[in-house]
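Just so it is clear, none of the values below were taken in a lab; they were calculated from the coordinates. Everything numeric in this text was worked out from a predicted model, so none of it was measured. Methodologically, a virtual Cβ is constructed for each residue, glycine included, from the backbone with ideal geometry; neighbour enumeration extends over all protein chains shown.
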Amino acid sequence: MERLLLATPVDFSFRATVSSHGWRSLAPYRWDEVRGWLHRVEQLASGKVVALTLADRSANSSGRCISVEVADHLSPVERLDLADRLRWALALELPVAEFHDYATAIPELAHVPQERVGRLLRGTSVFEDVVKTILTTNVTWNQTKSMATRLVAAFGEPVLNASSDADAVSAQPSGGGSADGTRSVARAFPTPAALAAAGEKELARLAGVGYRAKALARIAADVASGALDLEGYRERAATTKPAALRKELTALPGIGPYAAAHLTVLFGHYDRVPVDSWARRLYSVHRRGGEPVTDSEVHEFFARHGRWAFLAYRFFRWELETEEPRDW
């Protein structure tokens, strides 16, 4: 067992970031609401598969930090690799101070600075976020969760030495065991090479992703071959205008306007709300008395917040609240 400590800025909240949207419910993540622990299995660049438990230890240390318990020994290079992946996943590189300053003047957003919200949980790679975004299109949220679970169970690499807590990071929908009562095997998110090797038919058959299998297989093959550099968006997105970024993303298989807006938000551009059925429902109930609304109405309402449009939407004080956040 090893421990890493990730320093966090003063405006960061671990619980708020993990709970910022539904990614925490998609395998291989598992969120322990009571303990405030985030579990995950990760396959590192070295090929090693490790079970992780993340927790906020700021109250028990001299500085603000996230503790990462690793159920294995890591080399110095592997420690750096893991830390980089987790900093990305927790959006630690993104500044939120300007959004907090903006929110103080908006009654529906006045809670934002105190609650330290504004960062969104990601996967540990852009590839993972692209795949999961495709799984959210034209489908219910429960179906998205099921597809992610099956994808990890069928194509993710297993962890061989997980502790009892980390071993519960299961690829089973319940997060703890298989239908026959046996303990399930914890697995990492599949690599591009694994999905490319599986191919379209096996993706459809084993993961139940339907028509999305074609796009997933193409993207995985292009990433695995080096023809597509998705991880490069971690750097490029910061210097690319949002509209240009969305246009570029729609050139990817399976990425339409909604998915492109969704990914652009994860990259740190918030000028456009990825409107889906949940966004329409929230706006309809809160502002239109339950009457049907169009995507353009939702966009127009939040456009007044300019480059903070999505964050205003996500952290708006809605009348509808759910125990588990929708993807958006």
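One table, with the values for the structure above:
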read-out	value
Computed label-point distance, nm, for sites Ser46 and Ala197 using a 7 Å Cα→Cβ extension	2.0 nm
Gaussian network model of the chain, springs between alpha carbon atoms under 10 Å - residue of Pro242, Pro190, Pro253 with greatest fluctuation	Pro253
Residue of Thr136, Thr264, Thr250 that the Gaussian network model of the chain assigns the largest fluctuation, springs spanning Cα pairs under 10 Å	Thr250
Cα-based reach from Lys145 at 24 Å (exclusive), listing lysines while leaving out same-chain residues under 8 positions away	Lys132, Lys201, Lys214
Neighbour-count ranking [beta-carbon atoms within 10 angstrom, fewest first] of Met1, Met147	Met1, Met147
Computed E for Glu98/Lys247 - FRET, C-beta separation, R0 35 angstrom, nearest 0.05	0.90
Calculated [θ] (222 nm, deg cm²/dmol) that DSSP helices of n ≥ 4 give over the chain, each run adding -39,500 (n - 2.57)	-12000 deg cm²/dmol
Label-to-label distance, nm, for residues given as Asn138 and Glu291 (7 Å Cα→Cβ offset)	3.1 nm
Neighbour-limited loop hits for GluC sites (Glu not before Pro), region 225-272 (at most 14 other Cβ within 10 Å; DSSP other than H, G, I, E, B)	Glu231
Net charge of Cβ neighbours under 13 Å - reference Leu230; Lys, Arg +1; Asp, Glu -1	-2
Over the chain, relative contact order from alpha-carbon pairs under 8 Å, at least 6 apart, %	17 percent
Span from the region 1-70 Cα centroid across to the region 232-294 one, whole angstrom	26 Å
Pairs of alpha carbons in region 1-89 whose separation is greater than 22 Å (percent)	24 percent
Dipole magnitude of the chain, debye to nearest 20 (Cβ charges: Lys/Arg +1, Asp/Glu -1, about Cα centre)	400 debye
Extension gain from Arg79 to Ala110, taking 0.36 nm per residue of separation minus the Cα-Cα distance	7.3 nm
